[in-house]
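Inspection log for the structure reproduced underneath, given as structure tokens.
The values are calculated or read from the model by the stated rules, or taken from the named source; none is laboratory data. Predicted, not measured: the structure shown is a model, and the values here were computed from it. Note that each Cβ is placed from the backbone with ideal geometry, even for glycine, and that neighbours are counted across all protein chains shown.
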Amino acid sequence: MIKNISPSDLPKASRELDDPRFYFLQINPRSWGIYLLLLASFFLGNTANAQITNNRYKVTLASDNLKTCGGANNSNSTVTILSYSDTSNSFSITFNLPDGVEYVANTVAILNQPAKGNYTVMESGTPQNPVFSIERPSNANWELGHEVVVTFERSANCDAVAHLDDGGIFKDLFSIDFEDAYGQKSFDADSNLVNSYALLAASLSISDINTLLANVGNTYTRDIVVAQGGEGCTTSFEHTVNVGANLNDYQLSFAGNVLTPSTQSGSLYTYIIDLAAEPFLSNSGLGTCFDN
């Protein structure tokens, strides 16, 4: 989509072009945290857009909520760059993604550009700090009023959940670089204006287990209830038990099926609860997704 602008849409510089002033759209996001029992807390933010605005470019970012574990759980960030001049080139945008959030290689693409703009995008940098260079053939200057929309895919891993548990906020911070008649220019997005997004991760907890008065030599059974209080879905998780020194023949079972520990180290027994495998697939009633 080509966006036509008139001179009245352009910011007015009160100084020379080599000393541009900034014009920011003020955004006051409201956000709050929800803290659950064991594994995760959740930050929910609004979807206001981040902006860098000067008398060369206006850059707008919108980042979608993100789930963990990659694949179909990945989501996109979309960048809109509007040119306010015809004297600039060598445009690049560098991102600083939150802990545990990474750029998925080879997913950056141009969604929209002027019909005869012939803009291309190239990637470099690292997964957490990707750099996207957007240029015309022979690095010609951007034209006044040209708008280019770029999207890229992000993935979240376990470090993102740790960041969430520590109260971290999820924002795709960024800066831009370009050249004009006055040399190299760099501008950082104000972190207060960058929109936050939610990490939709599972939050598992174990309900209180009843205390039993036990006699030596007898066998006892207690139910263990795992609750899911998060915004995301998980297909598998680990359950670890530290078996007391005075307990013999400890067994964990589900729907009458005795489970085998995936690992055992001394008194520590670790079980993999995989909803896509038996005995859970046929007996949990959850399908392969343990959600809230």
In segment 124-147, is there at least one residue being among the acidic types (D, E), at pLDDT 95 or above and under 29 Å from L199 (Cα atoms)?
-> no
Failed item, numbered, when A160 is tested on (1) modelled with pLDDT of 95 or more; (2) more than 27 Å from Y84 (Cα to Cα) = (1)
Among the residues of segment 88-117, the number that are touching a helix residue (DSSP H, G or I) at 6+ places or on another chain (Cβ under 7 Å) and over 27 Å from K67 (Cα atoms) is 2
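Take the residues in segment 190-228 that are under 18 Å from the mean Cα position of the chain (by Cα) and of a type in the set (G, A, S); name whichever of them is nearest to S75 (Cα to Cα).
Only one residue fits best here, namely A198.
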